[in-house]
1. Residue 55 versus (1) open to solvent by 60 Å² or more (accessible area, probe 1.4 Å); (2) of a type outside the set (Gly, Ala, Ser); (3) at pLDDT below 95: which is the lone unmet condition?
2. How about the stretch 63-117: which of its residues are farther than 18 Å from residue 14 by Cβ, of a type in the set (A, V, I, L, M) and modelled with pLDDT of 95 or more?
3. Collect the residues in the stretch 24-39 that are outside any strand (DSSP E or B) and either in contact (Cβ under 8 Å) with a residue 60 or more places away in the chain or buried (at least 17 other Cβ atoms within 10 Å of the Cβ) (or both), keeping them in residue-number order.
4. List pairs: first residue in the stretch 72-100 and of a type in the set (Gly, Ala, Ser), second residue open to solvent by 50 Å² or more (accessible area, probe 1.4 Å) and part of a loop (DSSP other than H, G, I, E, B) anywhere in the structure, Cβ distance under 9 angstrom, at least six positions apart or on different chains.
5. Consider residue 42 against the criteria (1) open to solvent by 40 Å² or more (accessible area, probe 1.4 Å); (2) farther than 27 Å from residue 105 by Cβ: it satisfies all of them except one. Which criterion is unmet?
6. Name the residues in the stretch 63-78 that are surrounded by 15 or more Cβ atoms within 10 Å (Cβ to Cβ) and within 19 Å of residue 5 (Cβ to Cβ), would you?
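The values are calculated or read from the model by the stated rules, or taken from the named source; none is laboratory data. Just so it is clear, the model here is predicted, and its values are computed rather than measured. Neighbour counts run over all protein chains shown; Cβ positions are idealised from the backbone, glycine included. What goes into the accessible areas is simple: the full protein's heavy atoms, side chains included, and nothing from ligands, DNA or RNA. Shrake-Rupley method; radii C 1.70, N 1.55, O 1.52, S 1.80 Å.
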Amino acid sequence: MAVLSQLVDNVVVNTFELSAPATRIGRRPDNDLQIDEISVSGHHARIDAEPNAYLEGTIDYYITDEDSTNGTFINDVRIDERQRLNSYDMVRIGWNLFRFVDEEENSLEKTAYILEE
């Protein structure tokens with residue numbers, strides 16, 4: 001199972017399991033992961049969990065920015081379209097930093113995406 005670990009000064013302060021097919025992130029209370037902080041938009045981003053097209057029983061995670069004001073960043077690069085998450089990617093939502101960790105990700109998964117291109 002994958003998790004988002006919220007970091008403050010490089011220390012994990014919260015961990016959120018990504019167990020649903022879609023996890024909505026934002027400031028409003030109707031989000032699955034609510035971040036009540038001014039730099040976070042009402043509906044900021046969404047993480048989708050989808051079966052891997054090549055490896056049976058493997059789940060891929062994708063993040064999409066939902067037209068937020070302050071952006072969604074993966075490893076300090078602002079995303080403007082849906083992007084696949086890899087284990088240990090750093091995700092920034094507004095001013096909030098998270099580490100994405102997928103303990104079940106394996107090297108075959110990454111190879112499949114390299115071969116696809």
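1. Condition not satisfied by residue 55: (1).
2. 74, 77, 79, listed by residue number.
3. Of the residues in the stretch 24-39, the ones outside any strand (DSSP E or B) are 27-32, 35-39.
27, 31, 35 - these are the residues of the stretch 24-39 that are outside any strand (DSSP E or B) and either in contact (Cβ under 8 Å) with a residue 60 or more places away in the chain or buried (at least 17 other Cβ atoms within 10 Å of the Cβ) (or both).
4. 87/103; 87/104; 94/27; 94/38; 94/69; 94/70
5. The single condition residue 42 does not satisfy is (1).
6. Listed by number, the residues that qualify are 63, 72, 73, 74.
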